[in-house]
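Trainee: The structure under discussion is supplied below as structure tokens; questions concerning it will follow.
Since every read-out is calculated from the coordinates, none of them should be taken as a lab result. Note that this is a predicted model, so its numbers are computed, not measured. Glycine gets a Cβ as well: all are built from the backbone with ideal geometry, and neighbour counts include every protein chain shown.
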Amino acid sequence: MSTVQKQVLIDTVKEALQYISYYHPEDYIKSLVKAYEREESPAAKNAMAQILKNSRMCALGKRPICQDTGIVVIFLEIGMRVRWDFEDSIEDVVNEGVRQAYRLPDNLLRASIVAEPAGRRINTKDNTPATIHMKLVPGEELHMHVAAKGGGSENKSKFAMLNPNDSVIDWVLEQVPKMGAGWCPPGMLGIGIGGSAEKAMLLAKESLMASIDMHALQEKSERTELENMRVELHDKINRLGIGAQGLGGLTTVLDVKIMDYPTHAASKPVAIIPNCAATRHVHRIIDASGAVKPLVAPDLSMWPEIPDDPNQQPLSVDLDTLQKNDIKKWQPGQTLLLSGTLLTGRDAAHKRIQTMLAADEKLPVDFTGKLIYYVGPVDPVRDEVVGPAGPTTASRMDGFTEMMLDKTGLLGMIGKAERGQVAIDSIRVHESCYLIAVGGAAYLVSQAIKASKVVAFADLGMEAIHEFVVKDMPVTVAVDALGQSVHQTAPVVWRERIKNSS
């Protein structure tokens, strides 16, 4: 029999979470490099270039790939002959590892978990508790799949109880366009088929722990029925033309994973869970001796040197002198470099602003003539001005857009992914704008932030309103002053282009 010591389990969880916060899996980087090299859409290629540059910077600087350092998901496969040297619950010991990982001074990770989710939504301050799944298996080893799952991709999960004769492929192809770009493609799709409702979701999540192997699978001469389904879905999803960050292009998914399980004769449960460009997971083993194989840093040569695109001619924008007439000249898909003062705000800040305006209270911040950046940054360490500070999904703020543009003097917004029609209509009416930064390039974006201070709602933690001073922060015009959305037009163009080239 083997014995798992309490401190070994704590340290294994802590080290795994730190490791995956700044190292992409090797299979993801190699697959993304191939997609980058074959991409023909300039906007999508630029987005992938930023993701790759950000990834290398994080590997060197040991700082988070994404500002959303995720909800911790852990799959434990416990050998039947494993013993424990502690009397605490396994969940409590694992959560102590999470707690220590997220508060490590040298690489602080953002605490995103809130308790009382249907009510006060109070931040637990240390990103606990984790979501833990345990299974007893033969043997005397403890296998641990540790993942950090971002909210933007998790929020795009889909589930349906199909009829037994319904097509899984047709349903998935119907759902993917509805997911938009908030899950930060290019990434992976995990699909679970069968079992019961909760089993299908669990299968989808567990499938994302596997390595990307689509290129090898495509070359395989004999494939199982599920493997054929994976290849077919991979090809058909990419022919939708959604592309990196939803900007239109050849690659939307790098891989499609499927796990299935026997189900009731009257049922066909199917679940989809996407993994974003900040895919983060690692497999650890505590062996029969109680030892853990050390984690090894990846070889930096797997990241390519990516030169600046000579065809990119971004427009420099002074945020401190920006006027509505300047915004009217911007075109969808245009690249801008922002310099000057930005204000930040997310869900909780918008909700509080709404409450204050309804009570006719004076706001603590003047938004007149400013842009607001939808971001919840990581706390800084060492000599950083701010930690990784990539955009959050903008559509969550759609319901506040009319209020902000009509009542506060706000000029425009910065986030990630598409906006809903209600927000686009408000942008058009107020001749405003919506810009996007690349999701999955948080550390790269943070290098453009030269000063940062909290100016309101400090009690909201990472959701407080900050004032950023930025220099050459790269963004793309997603919705112009006329209400034209690149997320609506670009995928259509690329879908037709891919169709005509087939």
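Trainee: What is the Cα centroid distance between the stretch 235-288 and the stretch 180-200, reported in whole angstrom?
Mentor: 5
Trainee: Just for the chain, what percent of DSSP beta bridges are antiparallel, to the closest 5?
Mentor: For the chain, the DSSP antiparallel bridge percentage is about 60.
Trainee: Turning to a different aspect of this structure: Expressed as a whole number of Å, what is the distance separating the alpha-carbon centroids of the stretch 32-66 and the stretch 458-502?
Mentor: 17
Trainee: Turning to a different aspect of this structure: Can you give the log10 of the normalised intensity I(q)/I(0) at q = 0.12, 0.15 Å⁻¹, computed with Debye over equal Cα scatterers of the stretch 28-159?
Mentor: Rounded to two decimals, the profile gives -0.67, -0.95.
Trainee: Another one. Using θ = phi - 60° and the Karplus relation 6.51 cos²θ - 1.76 cosθ + 1.60, list the HN-Hα couplings for the stretch 40-50 in order, rounded to whole Hz, with x at every Gly or Pro.
Mentor: With the stated coefficients, the stretch 40-50 comes to 10, 7, x, 5, 5, 5, 5, 5, 5, 4, 5 Hz.
Trainee: So for each of 386-399, 407-420 I average, over its residues, the number of other beta carbons within 10 Å; can you give me the resulting order with the highest mean first?
Mentor: Peptide ranking by packing, descending: 386-399, 407-420.
Trainee: For the stretch 1-43, what does the alpha-carbon gyration tensor say about shape, rounded, prolate or oblate, given a ≥ b ≥ c as the root eigenvalues, a/c under 1.5 as rounded, and a/b over b/c as prolate? Can you show the working numbers first?
Mentor: Working: a/c = 8.04, a/b = 3.44, b/c = 2.34.
In terms of gyration-tensor shape, prolate.
Trainee: Residues with amide H under 5 Å of Gly182's amide H, sequence separation 5 or more or different chain, H placed in the peptide plane at 1.01 Å from N; which?
Mentor: Amide H neighbours of Gly182: Glu418.
Trainee: Sticking with this one: Cysteines of the chain lacking any other cysteine beta carbon under 4.7 Å?
Mentor: For the chain, the answer is Cys58, Cys66, Cys433, because their Cβ atoms have no other cysteine Cβ under 4.7 Å.
Trainee: Quote the charge dipole size of the chain about the Cα centre in Debye, to the nearest 20; the model charges only the Cβ of Lys and Arg (+1) and of Asp and Glu (-1).
Mentor: Values: 55 positive and 62 negative charges, 106 e Å.
Result for the chain is approximately 520 debye, rounded to the nearest 20.
Trainee: Now a separate question. Highest mean first, what order results for 208-214, 352-358, 60-66, 242-248 on Cβ atoms within 10 Å?
Mentor: So the order, starting with the most tightly packed, is 242-248, 60-66, 208-214, 352-358.
Trainee: My understanding is that a pair violates if its Cα-Cα distance is over 18 Å; which of Lys125/Lys351; Lys199/Lys257; Lys14/Lys156; Lys328/Lys370; Lys351/Lys407 do that in this structure?
Mentor: Cα-Cα > 18 Å for Lys125/Lys351; Lys14/Lys156; rest within.
Trainee: Per-residue ellipticity at 222 nm for the chain, helices alone: DSSP H runs ≥ 4 residues times -39500 (n - 2.57), over residue total, nearest 500 deg cm²/dmol? It would help to have the intermediate numbers written out before the result.
Mentor: Numbers: 15 runs with 166 residues, N = 502.
Computed ellipticity for the chain at 222 nm equals -10000 deg cm²/dmol.
Trainee: Would you list Met179, Met403, Met473 from fewest to most Cβ contacts within 10 Å?
Mentor: Met403, Met179, Met473
Trainee: Another question, then. Quick one: net charge around Gln484, please, counting Lys, Arg +1 and Asp, Glu -1 for every other residue with C-beta under 14 Å from its C-beta. Could you put the intermediate results ahead of the total?
Mentor: Working: positive: Lys328, Lys329, Arg419, Arg428; negative: Glu418, Asp425, Glu431, Asp480.
Residues near Gln484 contribute 0 overall.
Trainee: Using alpha carbons only, how many angstrom separate the centre of the stretch 421-454 from the centre of the stretch 130-176?
Mentor: With the stretch 421-454 and the stretch 130-176 each reduced to a Cα centre, they are spaced 31 Å.
Trainee: Right, another one. Which trypsin sites (Lys or Arg not before Pro) in the stretch 205-303 sit in a loop by DSSP (not H, G, I, E or B) and have at most 14 other Cβ atoms within 10 Å of their own Cβ?
Mentor: Numbers: sites: Lys205, Lys220, Arg223, Arg230, Lys236, Arg239, Lys257, Arg280, Arg284; in loops: Lys220, Arg223, Arg239, Arg280.
The qualifying sites are Lys220, Arg223.
Trainee: Another question, then. So how do Ser432, Ser301, Ser339 line up by other beta-carbon neighbours within 10 Å, fewest first?
Mentor: Ser301, Ser339, Ser432
Trainee: Under the rule of at least 5 residues apart or a separate chain, name every residue whose amide H is placed under 5 Å from the amide H of Lys268.
Mentor: Placed amide hydrogens put Leu162 under 5 Å from Lys268.
Trainee: Which order results if Leu233, Leu338 are arranged by neighbouring Cβ count within 10 Å, fewest first?
Mentor: Leu233, Leu338
Trainee: Classify the stretch 135-238 from the C-alpha gyration tensor, please: rounded if a/c falls under 1.5, else prolate or oblate depending on whether a/b exceeds b/c.
Mentor: Rounded.
Trainee: What are the lysines whose alpha-carbon lies under 17 Å from the alpha-carbon of Lys499, with same-chain residues fewer than 8 places away excluded?
Mentor: Lys236
Trainee: Shifting gears a bit: Using the charge dipole of the stretch 151-277 (Lys, Arg: +1 at Cβ; Asp, Glu: -1 at Cβ; taken about the Cα centre), state which of Gly243, Thr224, Met209 has its Cα farthest towards the positive end.
Mentor: Comparing the listed Cα positions along the dipole, Gly243 ranks first.
Trainee: Calculate the FRET efficiency for Glu225 and Lys362 from the Cβ-Cβ distance with a Förster distance of 51 Å, rounded to the nearest 0.05.
Mentor: Working: r = 64 Å, r/R0 = 1.25.
E between Glu225 and Lys362, to the nearest 0.05, is 0.20.
Trainee: Just need the relative contact order of the chain here, percent rounded to a whole number, with Cα pairs under 8 Å and 6+ apart.
Mentor: Taking the mean separation of contacting Cα pairs over the length of the chain, I get 19 percent.
Trainee: In addition: Among the DSSP beta bridges whose two residues both lie in the stretch 151-277, what percent are antiparallel, rounded to the nearest 5?
Mentor: The answer is about 60 percent antiparallel.
Trainee: Oh, and also: What nm distance separates the two modelled labels at Arg239 and Lys450, each placed 7 Å from Cα along Cα→Cβ?
Mentor: Rounded to a tenth, the inter-label distance reads 5.0 nm.
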